[in-house]
Each structure stands twice: as C-alpha cells, then as structure tokens.
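Input: a single structure, listed below in structure tokens.
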Amino acid sequence: MVEIKMIAICQSGGEFVMDKDGTLSYRGGDAHAIDIDDQIKFNDFKVEVAEMFNCSVNTMSLKYFLPGNKKTLITISNDKDLKRMIKFHGNSVTADVYVILEDNFLPGVSNLPASRSSRTTLSEAVPPIDAPLAILEDITQPDNSFVAPLDLDVVDDTNNVDVHIEDQQIDPLEISPIPPLLASNDEKHAKGAQQWQNTITGVGQRFSSVHEFRESLRKYAIAHQFAFRYKKNDSHRVTVKCKAEGCPWRIHASRLSTTQLICIKKMNPTHTCEGSVVTTGHQATRSWVASIIKEKLKVFPNYKPKDIVNDIKEEYGIQLNYFQAWRGKEIAKEQLQGSYKEAYNQLPFYCDKIMETNPGSLATFTTKDDSSFERLFVSFHASLYGFVQGCRPLLFLDSLPLNSKYQGTLLAATAADGNDSVFPVAFALVDAETNDNWHWFLLQMKTALSTSCPITFVADKQKGLKESIAEIFEGSFHGYCLRYLSEKLIRDLKEQFSHEVKRLMIEDFNAAAYACRPEIFQRCIESIKSISLEAYNWILQSEPQNWAKFIFSGCKIQLHDI
C-alpha cells in the first residue's frame, strides 16, 4: 500500500464564524505545520501539537472539516479517526486541523457546533454559532469585581411568549421558557414526570406565591407533554393558555385579597390539540433545571453538563443544549454554595479570620482603583512552619488558570517534604499572570517566611521571575524547570525532525542535565550537536548554570522531573 503523506496545518487561538450560507470559517489565531503520514499514532500527533502550542494534551481537542463540507466539524479522538482524516484528504497536500483549547472557555463549554463524528453528540455542541449575542457575552465575560454583574437569561422568540409585567418586583426573565424541546411518549420519559401529573388540580387550588404557581404549572405541562404561553403575568395574577392555535386549554390564577396566596380562579382542562402529538416542546427554565439537578449535585459535585443533558432527556424527554445545562448547574451551585459575589465580598472578613484564628499566618488582598478585586495571598502558619522546620530549602513556583465565573490565575509555592511529596506553602489568586503579580507574590512570601537560609526556587525560565527572585531573596538560587525547557526546545527548533529524532534529543538533554561531571555533560550535548547544530546552540544559550546539575549552585536534588 502506498504511504500517504501530507502537511497538517494546525490552527489555534482563533474563532469560528458562520457565513450566510451556513458554512463555517476560522478567523484569527496562530498556525503551525506538522508533517504527518498514515502511520502516525494519534497520541504522538496530539503530544506534538500540545508541545507546539504549549498546552496540555488533557485540555485540548482536535477537529477538522470533511473535504467539501464546511458546515460540520469532525472530532479526532483515536488512531482510527486520525487515519480516516488522512484518507479523506489523500488527494490534498495539506489538511486543516483545528486545536480547541478547553482552558480558554468555561468548564466543559465549547464554541463549536455539533460534530457528526460517532464520538460527538449533540450535547457537546454549545453554544450554537447562531446563539443570541447576549448569551455568548454572558459566557465569556471576564470580571473579578466585588460586585457581580446582573445574571440574566435570554428569552427565545421561538416560544412566542406574551408577558405582561405590571409589578417591578417580578423578573420577566425568570419565567422565560427554554427554546423548543423534544416531546416523547416513551414510558421511561413518563416515569420521570409522572410525579407532577397532579401538581395542578383545578379551580380553588391555592399556592403560597406566584413563583410556586409558575413552577407547578411548568411541571404539570412537562408531565402532560404540552406547551403553554403567558397572556398575563405579574405579581398578583397569571393567565396562561395552550400554545397550540385554537386549543381551549387555559388557566387563570390571582391573589386572594389581603393575602399573598395565589388561587386558581378559572380553568379549562380540555385539550383539542392532542397534546404532545402536535406540540413542539415543553415549558422549562434555568431555575427548573437547577431544581431538578440540585440534589444530585450535592452527591456528585463534578456532575458534567453533558451528563445533565443526557439524564434530563432520558428521564423527562426534554432535550436541553449544553449551555442550558451549564446555566442550570451554575444556579444550583449558587443555591448550594452561595454566589461568587458573596464570596468576593467576604474576602476582608476571611483574611482577618485567618490571621486571628491561625496566629503566624499571612492573609492579605489588594483591590484596584475601582474597588474591584485584584489579588489575594494566603499562607497558613502550619505550612510556613512545616517548610522551615521539615522541608529542604526548595520552593517550586507555578501558575494555573482558573475556570471560575470571574476567571483569574492561581499562583502557588510548594515544597518537597521528606517523602518527596508536594507540600503546599502559599498560594495567591490574581487577576492575571504578570511580572508585577509574581513580584508581589514573592514580596508576600518574603514577609511570611522567617528564615535566613538561602532558598532554591524552581520555576519556568520565561515568567519574569529571574530579576524578582534575585532582588527579593538575595543570595538565593533560581533553577529552571527541565520539563519546560525540553518543551520549549522542541517548539523553538525551526528544522523539521521526526518523533524518534526529537525523542533522542530530549533523552540526551535530560542526560546532560543530570550529568555529575562536565565531561559527561559535554559528551551529551555533543551528541545533540551531531543531530542538530541549532539545538546545540539553543542549549548553550539557555543558561546551563541554572539547570545543569554539575554546575548548579543551588540545592542539588532531583528537581528536573517537576
């Protein structure tokens, strides 16, 4: 069989835009080329792409278009998928591969439309490209302020809801229905909703509030599989009719005088629309989704939106999209754990209590000029004492992007205990990873640590820490992370090498880092020189005194696998 070779044009950092004819085009971002053939393994390909874009293989997915089809993205998830893509593009010199980095989005949320791959379901595709702009803005809005923005859903016009608001205390968006959902007559769907068949019993039934009546009405409609729309809806009266044209089903409830009770005054329980046969969806809201999943979320905090979509469809016959499930989960989390806004507002109290109840600890925060959150530093006395008394004078500095509502970055300082296990020393939450924030973090570390012993810091070379460490911790040492250097070496090489050649260079590089004598170090880098002069020169310019064991002046222990 003739071997198929081509160039994979890997693109990342851009966005998909839908054209008028429904086709998708990718705009912006960076692009890199990789030589591939039909013998390449998926894991090797994915690792090479991750190295190229400096990301984790666990937070990225690879997608492509079929030739001649710019409307459907196909997911590459194993060797067969990769070979299939190469085969489909066998007549082309190149194939476009789109690298989707999940870290750039909220947890589990993709900005791609649904794929028709056998491993990609409808629940994985959210929000749709043609989703209302307000929804997309709500997903991506970065804000670390103490005062959270008003959190709103968007009314989908396809439900034709007539809402009359006569009292400002009622939020019209609270009664906004989710877009048309799928009806089902399957028995397993009925089982999930049969408990709601009698939530509405008829004229005279009373409810403690308008909200309770609305929730009961939604459950009743789901159980009986029909859709409705509001004719009147305010703080003291609600009038609803069947959504099907000409169907006489309707209900009217209003407040009993001098009370807050809502009572059903009129009701025509007859449907002529044949129920779910002619309706196109059920009434549901984000708060309804939250009420359904809240108890399960208590038991399973990592309950994923795609699992919520599947469970609600299976139990109630309702098809949510990924975004609706995610919003419902966020509301349920807020009900169970409190809001982000409340948590940020409690930071002053939190810091005071840490220092009051844990003497010797340091907890402090700063705000911006507009009083919005900027950064928080916390180091508990037990961690500081444990580091000084029980750990080697060695600190690892690293960062992690946060996927919470307000995003931000976590900065952390960890040590290695007597068992070479990770020992947390301090952490900080900042608005972004910048040289200034790292400088501030190290200043707090200096304040918290009561030791004059020189410390060896291990951190990435490019984080702007070299100057800050030398300035703040005078006499200490800065060791470069070998794994980071290895990844950067491969990324910076302009020459094209096979996977096997790259592996050999990395092995020689590691051997040079662990070399105990200069002649062994020289022999290792000479081996790299025989493969690539560019790689050899790169290593000589990478400041070996900060990572080569035989010459490093700091704490000489097994740092390099971190």
- Within the stretch 332-375, which residues are of a type in the set (Val, Ile, Thr) and either touching a His at 6+ places or on another chain (Cβ under 8 Å) or open to solvent by 30 Å² or more (accessible area, probe 1.4 Å) (or both)? Thr357, Thr364, Thr366, Thr367
- Item | Complete set of residues in the stretch 289-331 that are touching a His at 6+ places or on another chain (Cβ under 7 Å) and more than 20 Å from Arg218 (Cα to Cα) | none
- Query: Mind checking whether some residue in the stretch 386-395 is within 24 Å of the chain's Cα centre (by Cα) and of a type outside the set (Phe, Trp, Tyr)?
  - Reply: no
- Message: Being in a helix (DSSP H, G or I) and of a type in the set (S, T, N, Q) is the requirement here; does Asn437 meet it?
- Response: yes
- Item | Cβ pairs under 7 Å, 6+ apart, first in the stretch 468-490 and over 27 Å from Cys453 (Cα atoms), second among the polar types (S, T, N, Q) and open to solvent by less than 40 Å² (accessible area, probe 1.4 Å) | Leu485/Ser542
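Just checking: which of the strands (runs of 3 or more DSSP E) contained wholly in the stretch 171-277 hold 2 or more residues that are at pLDDT below 90 and either of a type outside the set (D, E, K, R) or at positive phi (or both)? Walk me through it before giving the result.
Numbers: elements: 228-233, 237-242, 250-255, 262-268.
Here the list reads 228-233.
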- Note on the structure: Within the stretch 462-474, residues being over 17 Å from Phe387 (Cα atoms) and open to solvent by less than 50 Å² (accessible area, probe 1.4 Å) number 6
- Note on the structure: Filtering the stretch 409-439 for residues that are more than 21 Å from Gly360 (Cβ to Cβ), at pLDDT 90 or above and not aliphatic (A, V, I, L, M) leaves a count of 5
- Would you pick out the residues in the stretch 37-52 that are surrounded by fewer than 18 Cβ atoms within 10 Å (Cβ to Cβ) and free of Cβ contacts under 8 Å to residues at least 60 places away in the same chain? Asp37, Asp38, Gln39, Lys41, Phe42, Asn43, Val47
- Message: I'd like to know if the stretch 23-45 contains one or more residues that are touching a Ser or Thr at 6+ places or on another chain (Cβ under 8 Å), at pLDDT below 85 and outside any strand (DSSP E or B).
- Response: yes
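The values are calculated or read from the model by the stated rules, or taken from the named source; none is laboratory data. Predicted model only: the values in this text are computed from it and were never measured. Positions of Cβ are generated from backbone atoms using ideal geometry, with glycine treated the same way; all protein chains shown enter the neighbour counts. Heavy atoms of the whole protein, side chains included, go into the accessibility calculation; ligands, DNA and RNA do not. Shrake-Rupley method; radii C 1.70, N 1.55, O 1.52, S 1.80 Å.
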